[in-house]
């Protein structure tokens, strides 16, 4: 069966939660572990919407914390596929905090999650390609390859000497 490529918008997901007392630390800020839990759920929804298969988290590249989310604020997580490979996909998440009383919305976090789709036997299985449409989606698609190469390099599954472009980015020649 031939897999039909999908648009980024086909699996775009928005998930919202209130930050309640049980979600916070002693400073009344959302705990990082609770945030990661919600981000993993949002990314899993994106992955399964794209692949129509069960998916598992393989890695989280990094989570950048910009602003804390306070008790009583709304948290909104937006997720989308940036690029697909054979059985894996990279998912970009942006996390927004919002004080509904003050009507202030702010970027709290950003992260890249990586998922693999599984077949009925629990083995990695092919997934549809992604078709970036906007200029921003095309830029994220292109950059995802470098992030993947870096992940593979750090995991010992790729040799730097085999990737001239990545090597030139990591070690630019001095002039």
Of all DSSP beta bridges in the range 6-170, antiparallel share, percent nearest 5: 95 percent
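Output the relative contact order of the chain, whole-number percent, from Cα pairs under 8 angstrom with separation of 6+ residues.
24 percent
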Chain lengthening between residue 63 and residue 142 when straightened (0.36 nm per residue, less Cα-Cα): 26.4 nm
Residue of 47, 155, 144 that the Gaussian network model of the chain assigns the largest fluctuation, springs spanning Cα pairs under 10 Å: 155
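What is the gain in length, in nm to one decimal, between residue 4 and residue 22 on full extension, counting 0.36 nm per residue of separation less the C-alpha to C-alpha distance?
2.2 nm
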Highest-fluctuation residue, 157, 49, 142 considered, GNM on the chain with Cα pairs under 10 Å: 157
Contour excess over end-to-end distance, with Cα ends at residue 14 and residue 123 and 0.36 nm allotted per residue: 36.4 nm
With Cα atoms, 0 to 90° folded angle of helix 135-154 axis to the chain main axis: 70 degrees
Helix-derived mean residue ellipticity, 222 nm - over the chain, DSSP H n ≥ 4, -39500 (n - 2.57), to 500: -9000 deg cm²/dmol
For q = 0.12, 0.13, 0.16 Å⁻¹, Debye-computed log10 I/I(0) when each Cα of the chain counts as one equal scatterer: -0.63, -0.73, -0.99
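Values in this text are rule-based calculations from the coordinates and carry no lab data. In this text the structure is predicted, and so the values were computed from the model without any measurement.
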